[in-house]
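Okay, so here's the structure we're looking at.
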Amino acid sequence: MKKPFINFIVLLLVIAANTAGFAQKLITKTGSIKFQASTPSYEEVAAENKSVSAVLEQSTGDFAALVLIKGFRFKVALMEEHFNENYMESEKFSKATLKGKIEDFDSSKITSTAKNFTLKGDLTIHGKTRPVTVIVKVSKAENGVNAVGSFEVKPEDFDIEIPSLVRKKISDKIKISYNFLLVK
């Protein structure tokens, strides 16, 4: 087995083991992350990954998410190949993570109406870690919560090189949208 896959399995086992003893943790293994990097007049540059793992510790607001880069699916297979081989170098940088804390999180005040919270943490993409502040819209769901939102990143902030030949076809800012149904 490949090392990144083993790391992913170990993370899931740790999440599962920690979740078993604490009803305060909510998890998902089927979260969704989409990104949009299109520019007007050119072919759509967008992908989605529907197998994102995430965990929320309700008592502290601690949050962590992990996405395997090779799990992103594009409409065009060649675009997916270029994404993995040329831009994200997914053999070398197999995952992206977000680890942080949702400020002033109080699960007792969560209702079916989405409430905005601020998540401050570290986003790691392409082996490079940057601090981020993200707005998370949280609402009550059966057995847990929904956490949705979006934010933008710049490829150069994560040392992702875009060749000049295709530079005009890819947005300067990549919009990342996420949707997690976190349950007990």
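Only residues in the range 59-74 that are within 23 Å of Thr133 (Cα to Cα) and open to solvent by 20 Å² or more (accessible area, probe 1.4 Å) count as the first member; pair them with residues that are of a type outside the set (Ser, Thr, Tyr) and part of a helix (DSSP H, G or I), Cβ under 7 angstrom, at least 6 apart or cross-chain, and list the lot.
Leu68/Phe8
Looking only at the range 86-108, how many residues end up being part of a helix (DSSP H, G or I) and exposed (fewer than 15 other Cβ atoms within 10 Å of the Cβ)? Break it down stepwise before answering.
Just the residues of the range 86-108 that are part of a helix (DSSP H, G or I), to begin with: 86-87, 107-108.
Still in the running and exposed (fewer than 15 other Cβ atoms within 10 Å of the Cβ): 86, 108.
Number of matching residues: 2.
Testing Phe83 on (1) over 15 Å from the mean Cα position of the chain (by Cα); (2) assigned to a loop (DSSP other than H, G, I, E, B), one condition comes back false. Which one is that?
Going through the list (1) over 15 Å from the mean Cα position of the chain (by Cα); (2) assigned to a loop (DSSP other than H, G, I, E, B), Phe83 breaks only (2).
Would you be able to tell me the number of residues in the range 2-50 that are modelled with pLDDT under 60 and under 30 Å from Val166 (Cβ atoms)?
1
May I ask you to list the residues in the range 27-38 that are open to solvent by less than 60 Å² (accessible area, probe 1.4 Å) and touching a Lys or Arg at 6+ places or on another chain (Cβ under 6 Å)? Outline the logic, then answer.
Step one: list which residues in the range 27-38 are open to solvent by less than 60 Å² (accessible area, probe 1.4 Å), which gives 27-28, 31-33, 35, 37-38.
Ser32, the sole residue that qualifies.
Looking only at the range 147-184, count how many residues are open to solvent by 50 Å² or more (accessible area, probe 1.4 Å) and assigned to a strand (DSSP E or B). Even if it seems obvious, please write down each step before you answer.
We begin by selecting, within the range 147-184, every residue open to solvent by 50 Å² or more (accessible area, probe 1.4 Å); these are 150, 152, 154, 156-157, 159, 161, 163-165, 167-169, 172-173, 175, 179, 181, 184.
Retained after the next criterion (residues that are assigned to a strand (DSSP E or B)): 150, 152, 175, 179, 181.
Adding up the residues that qualify gives 5.
The values are calculated or read from the model by the stated rules, or taken from the named source; none is laboratory data. In this text, all values refer to a predicted model and were calculated from it rather than measured experimentally. Backbone-built Cβ (ideal geometry, glycine too); neighbour counts: all protein chains shown. Only protein heavy atoms, including side chains, enter the accessible area calculation; ligands, DNA and RNA are left aside. Shrake-Rupley method; radii C 1.70, N 1.55, O 1.52, S 1.80 Å.
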